[in-house]
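A.B. asks: My structure is below; once you've seen it, I'll send some questions.
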Amino acid sequence: MTLEIKGLDRRSVQVPDAAVAELRRGVQGSVVRPGEAGYDEARTLWNAMIDRRPALVVRAASAADVAAAVRFARAHDLLLGVRSGGHQIAGLAVADGAMLLDLSQMRAVAVDAAARTARVEPGATLGEVDAATQAHGLAVPMGINSTTGIAGLALGGGFGWISRKYGMTVDNLRAAEVVTPDGETLRASATENPDLFWALRGGGGNFGVVTAFEFDLHPVGPEVTAGLIVHPFDDAPALMRDFHRLAKAAPDGLTIWAVARQAPPLPFLPEEWHGREVLVLAVCYIEPTPEGDRVLAELRGLGKPIADVIGPTPFVGWQAAFDPLLTPGTRNYWKSHDVGEIGEAMIAALDKAIRTLPSPQCEVFFGTLGGAVGRVAPDATAFPQRAAHYAMNVHTRWDDPAEDAACIAWARDFFEAAAPHALGSVYVNFIPDDEGERLAGAYGGNLERLARVKARYDPENRLRLNHNIAPAAVAAAAAH
């Protein structure tokens, strides 16, 4: 008897049942087929638009399991996807009929408070990392949704509320333990396999399967000043001008984001505002300074807000504040631009888009980058977008599949309207599955070097179920 699995060329490969049984006996975790316990949990992703059925799943419990799964896929020439937290908007890791390596069971976080470092397994969520590090008043820059997995976020760059002070997630990566596509285990750091270490810091899962991350930690909290100022969207044109000015003037310890959407039924908002268009200014202030106090006071003095709920709050609470708006099981489609300046044309395009929202869960946010992020050279890591800018995400979210066409069209329309006023670059973790051509915009001048590193560590492009960087030799052949 055999199991039919897609090969690298996407043609069927017949894998003997005996080989699958041997793999099952050789791993600490589990090996499951469709219909078996754990299968649906492993294949289910945060974005409910992705509903794919791999032929075989290895739920790894250790680095040895990862190496065994990678060697198995290589031995049988199988198409292999690697899933960690399952939050990638494109859902590329899970492919119909392929083999899936699920890392979500590998969740250990070990903190060395004296050294201010943490060792994190790839299945850990941001919330789990925060809980472990904040027990010591420490943190690593990460994203804004606590259920996100650390691996995909870190390998793509990673930014959030403390990045202006302490840099990207990749800027705080000290080392990584990696299983390469040939099943070899390596350590990557500034002094060990430095080319691989460079590529891992922004190049995604193209070069190997990371089984452990080692991060630098920084003193943050445990209490910070954070919260929201909510304004009527009718006041957005003037407020966006002031947001742009104050966000640029803020010191590194003060981060301000802007979010435009319909007001959710939050308890601090008057009921008559629920479901109406609002502009939300979100603040995280981790290091009070006279300049920061001045900028925050001016921000809070703008217009006539519906609510101002900025105040002392636990950092772990603020890191999870947006979780209720980002729950799994909902349909999601994103479009994104890096934006340098928020001028009149961008504001006009935003105004038109928010007036025509196709679903009450849709939003557009401007995440502010700069500060420490910009004090790293563009070629120092694979992540190159170091100039101060906003990562603008058109986050389209809805429940009913019948609304797919309308919601996707709305996102694409605003994306196109905003394009002339954007930088042309994009954050790789925000790219949906229909934008593979945007890798040049994500990596800029680093793409050629990434292709060379790919050719060294994965010359056959075995790790291709991702935002794929073709090996240099393959890329050259395709160009002719």
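A.B. asks: Examine the stretch 420-431 for a residue that is on the phi > 0 side of the Ramachandran plot and modelled with pLDDT of 95 or more, and state whether such a residue exists.
C.D. replies: Yes.
A.B. asks: Taking only the stretch 238-262 into account, find how many residues are more than 19 Å from Ile347 (Cα to Cα) and in contact with a strand residue (DSSP E or B) (Cβ under 9 Å, 6 or more places away or on another chain).
C.D. replies: Qualifying residue count for the region: 4.
A.B. asks: Out of all the residues in the stretch 30-51, which are among the charged types (D, E, K, R) and touching a strand residue (DSSP E or B) at 6+ places or on another chain (Cβ under 9 Å)? Step through it out loud before you land on a result.
C.D. replies: Applying the first criterion (among the charged types (D, E, K, R)) to the stretch 30-51 yields 33, 36, 40-41, 43, 51.
Listed by number, the residues that qualify are Arg33, Glu36, Glu41, Arg43.
A.B. asks: Return the residues of the stretch 74-88 that are touching a Ser or Thr at 6+ places or on another chain (Cβ under 9 Å) and surrounded by fewer than 24 Cβ atoms within 10 Å (Cβ to Cβ); say none if nothing qualifies. Working first, answer last.
C.D. replies: Step one: filter the stretch 74-88 for residues touching a Ser or Thr at 6+ places or on another chain (Cβ under 9 Å), giving 83-87.
Gly85 - this is the single residue of the stretch 74-88 that is touching a Ser or Thr at 6+ places or on another chain (Cβ under 9 Å) and surrounded by fewer than 24 Cβ atoms within 10 Å (Cβ to Cβ).
A.B. asks: I'm checking my understanding of the structure. Among residues of the stretch 258-279 that are under 22 Å from the mean Cα position of the chain (by Cα) and buried (at least 21 other Cβ atoms within 10 Å of the Cβ), which one is farthest from Gly343 (Cα to Cα)?
C.D. replies: Arg261
A.B. asks: What strands (runs of 3 or more DSSP E) lie completely within the stretch 1-67 and have 1 or more residues being over 26 Å from the mean Cα position of the chain (by Cα)?
C.D. replies: 2-6, 12-16, 30-32
A.B. asks: Which residue out of Gly183, Gly143, Gly152 is surrounded by 20 or more Cβ atoms within 10 Å (Cβ to Cβ) and part of a loop (DSSP other than H, G, I, E, B)?
C.D. replies: Gly143
A.B. asks: Now for a separate question. Between a residue in the stretch 231-258 that is over 19 Å from His395 (Cβ atoms) and not assigned by TED's automatic domain parsing to the domain that holds Ala307 and any residue that is among the basic types (Lys, Arg) and surrounded by fewer than 16 Cβ atoms within 10 Å (Cβ to Cβ), which pairs come within a Cβ distance under 9 Å, given they are 6 or more apart or on different chains?
C.D. replies: Hits for this filter: zero, empty list.
A.B. asks: Please work out which one of (1) part of a loop (DSSP other than H, G, I, E, B); (2) exposed (fewer than 14 other Cβ atoms within 10 Å of the Cβ); (3) without any contact (Cβ under 8 Å) to a residue 60 or more places away in the chain is the condition Ala297 fails and give its number.
C.D. replies: Only one criterion in (1) part of a loop (DSSP other than H, G, I, E, B); (2) exposed (fewer than 14 other Cβ atoms within 10 Å of the Cβ); (3) without any contact (Cβ under 8 Å) to a residue 60 or more places away in the chain is unmet by Ala297, namely (1).
A.B. asks: What residue, of Gly275, Gly343, Gly311, is among the small types (Gly, Ala, Ser), over 23 Å from Gly167 (Cβ atoms) and touching a Gly at 6+ places or on another chain (Cβ under 8 Å)?
C.D. replies: Gly311
A.B. asks: Identify, from the list Ala402, Ala418, Ala411, the residue that is part of a helix (DSSP H, G or I), in contact with a Ser or Thr (Cβ under 6 Å, 6 or more places away or on another chain) and not assigned by TED's automatic domain parsing to the domain that holds Asp195.
C.D. replies: Only one candidate qualifies: Ala411.
A.B. asks: Being of a type in the set (Ser, Thr, Tyr), part of a strand (DSSP E or B) and farther than 30 Å from Pro360 by Cβ is true for just one of Thr225, Thr211, Thr255. Which residue is that?
C.D. replies: Numbers: Thr225 fails: farther than 30 Å from Pro360 by Cβ; Thr255 fails: farther than 30 Å from Pro360 by Cβ.
Result: Thr211 is the single residue among Thr225, Thr211, Thr255 that is of a type in the set (Ser, Thr, Tyr), part of a strand (DSSP E or B) and farther than 30 Å from Pro360 by Cβ.
A.B. asks: Name the single residue, out of those in the stretch 423-440 being hydrophobic (A, V, I, L, M, F, W, C) and in a loop (DSSP other than H, G, I, E, B), that is surrounded by the fewest Cβ atoms within 10 Å (Cβ to Cβ).
C.D. replies: Going through the qualifying residues, I end up with Leu423.
A.B. asks: Check whether at least one residue in the stretch 323-341 is over 25 Å from Ala418 (Cα atoms) and assigned to a helix (DSSP H, G or I), and report yes or no.
C.D. replies: Checking the stretch 323-341: at least one residue is over 25 Å from Ala418 (Cα atoms) and assigned to a helix (DSSP H, G or I).
A.B. asks: For the stretch 344-382, which positions are over 16 Å from Phe414 (Cβ atoms), surrounded by fewer than 21 Cβ atoms within 10 Å (Cβ to Cβ) and touching a His at 6+ places or on another chain (Cβ under 8 Å)?
C.D. replies: Passing the criteria: only Gly370.
A.B. asks: Among the residues of the stretch 322-341, how many are buried (at least 19 other Cβ atoms within 10 Å of the Cβ) and either without any contact (Cβ under 8 Å) to a residue 12 or more places away in the chain or acidic (Asp, Glu) (or both)?
C.D. replies: Filtering the stretch 322-341 down to residues buried (at least 19 other Cβ atoms within 10 Å of the Cβ) leaves 326, 331-339.
In the following step, the residues that additionally are either without any contact (Cβ under 8 Å) to a residue 12 or more places away in the chain or acidic (Asp, Glu) (or both) were identified as 338.
Total satisfying the criteria: 1.
A.B. asks: Hey, among Glu287, Glu277, Glu291, which residue is in contact with a Pro (Cβ under 9 Å, 6 or more places away or on another chain), in contact (Cβ under 8 Å) with a residue 60 or more places away in the chain and closer than 18 Å to Val224 by Cβ?
C.D. replies: After applying the criteria, what remains is Glu287.
A.B. asks: Right, here's the next one. Would you check if Ala63 is buried (at least 18 other Cβ atoms within 10 Å of the Cβ), in contact (Cβ under 8 Å) with a residue 60 or more places away in the chain and out of contact with any Cys (no Cβ under 9 Å at 6 or more places or on another chain)?
C.D. replies: yes
A.B. asks: Return the pair list, or none, for Cβ contacts closer than 6 Å from residues in the stretch 426-453 that are touching a residue at least 40 places away in the same chain (Cβ under 8 Å) to residues that are assigned to a helix (DSSP H, G or I) and of a type in the set (D, E, K, R), at least 6 apart or on different chains.
C.D. replies: Val426/Arg438; Ile431/Arg438; Val453/Asp195
A.B. asks: Moving on. Considering each of Val66, Val13, Val57 in turn, give the residue that is more than 26 Å from Ser146 (Cβ to Cβ) and of a type outside the set (Asp, Glu).
C.D. replies: That would be Val13, the only listed residue that is more than 26 Å from Ser146 (Cβ to Cβ) and of a type outside the set (Asp, Glu).
A.B. asks: Answer yes or no as to whether Val94 is assigned by TED's automatic domain parsing to the domain that holds Met49 and under 22 Å from Leu200 (Cα atoms).
C.D. replies: Yes, satisfied.
A.B. asks: If you take the residues of the stretch 190-230 that are polar (S, T, N, Q) and touching a residue at least 24 places away in the same chain (Cβ under 8 Å), which of them is farthest from Asp351 (Cα to Cα)? Lay out the reasoning, then the answer.
C.D. replies: Step one: list which residues in the stretch 190-230 are polar (S, T, N, Q), which gives 191, 193, 206, 211, 225.
Cutting the leftovers down to touching a residue at least 24 places away in the same chain (Cβ under 8 Å) gives us 206, 211, 225.
Values: Asn206: 38, Thr211: 44, Thr225: 29 Å.
Applying the filter and picking the extreme gives Thr211.
The values are calculated or read from the model by the stated rules, or taken from the named source; none is laboratory data. These numbers come from a predicted model, not from an experiment. Positions of Cβ are backbone-derived with ideal geometry, glycine not excepted, and every protein chain shown enters the neighbour counts.
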